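Contents: one structure, followed by commentary.
Throughout, read-outs are computed from the coordinates displayed, never taken from laboratory work. Please read these numbers as outputs of a predicted model, since none were measured by experiment. Here the Cβ positions follow ideal geometry from the backbone for every residue, glycine too, while neighbour counts run over all protein chains shown.
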Amino acid sequence: MAKTSRTKLILVGALIATVVIVTPLAVLTLLNIQPPPQPTLNIRFTLLENAGVMIEHEGVRIYIDPYELPQSYDQLPADAVLITHAHFDHYQPESLNLVQQTGTVNVFPENMSAEIIAHGGVGVNPGDEVTIEHITVRAFYQYGTEAPLDTGHPRESNLTSYIVDIGGFTIFHAGDSNDIEEYAQLTGTINVALLPTLIFNSQDVLDSLDTIQPDYFIPIHTTGSYAETFVTTYESQITCECLALDNFEMHIF
């Protein structure tokens, strides 16, 4: 009997020792809980005002639709500025000019011919690509399919959304598109989808996410409080990770 009790004590002691030295990752594995992904690419993403964003990687800085930038952003000059269309809350000359430096590449839809000339820019249509050092920018489709978006963003105007490809990590900025049929071309190819929410049909956003199937969704064309409300309301219907950022908040991928 004494030998049996001693054996039990040894086994229990070994089990306790195993539990004590086990790593947090092993505990998560044993409990079938996946640890959160750790940033590995050091892609710095900052949400600006309205639909504006700033993307930084290995010394390259790209703005999309910069709007109402604080004066301090003159210390964060652009290697490239991408404009989706000519509406005042997407193309603001003051903000675009604030971040200019020698060599900045300004990219516009080709139909913004006056702005291209004014800023020494590059005109693109859906399907065109521009290379900014090690980053590839591909113009994609942007238009509205229902009122009021269809009148302000007609399909025939060839407005552009953008896919920013950083070594295979892709960030898609939709501009003012709602759920368009061309999103089927993006299924499973986008890591981060930036879709407009505040004045847009919520079901269109959900349908777009179902089609694109990104890893992350960040609401744009919104406010921090509404982004949080949108995510809280619809999170159960969204299969990817949602990041409701405040204006000028940064997230690192």
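Multiplying the residue separation of residue 58 and residue 241 by 0.36 nm and removing their Cα-Cα distance gives an extension gain of 63.4 nm. Find out how many positive minus negative residues lie around residue 122, taking Lys and Arg as positive, Asp and Glu as negative, among other residues whose Cβ is under 12 Å from that of residue 122. Around residue 122, the charge tally is -4.
Applying a DSSP loop filter and a limit of 14 other Cβ atoms within 10 Å to the GluC sites (Glu not before Pro) in region 61-134 leaves 68, 133. Subtracting the Cα-Cα distance of residue 182 and residue 131 from 0.36 nm times their residue separation leaves 16.1 nm of extension gain.
Each Lys or Arg adds one and each Asp or Glu subtracts one; over the other residues with Cβ under 15 Å from the Cβ of residue 133, this totals -4.
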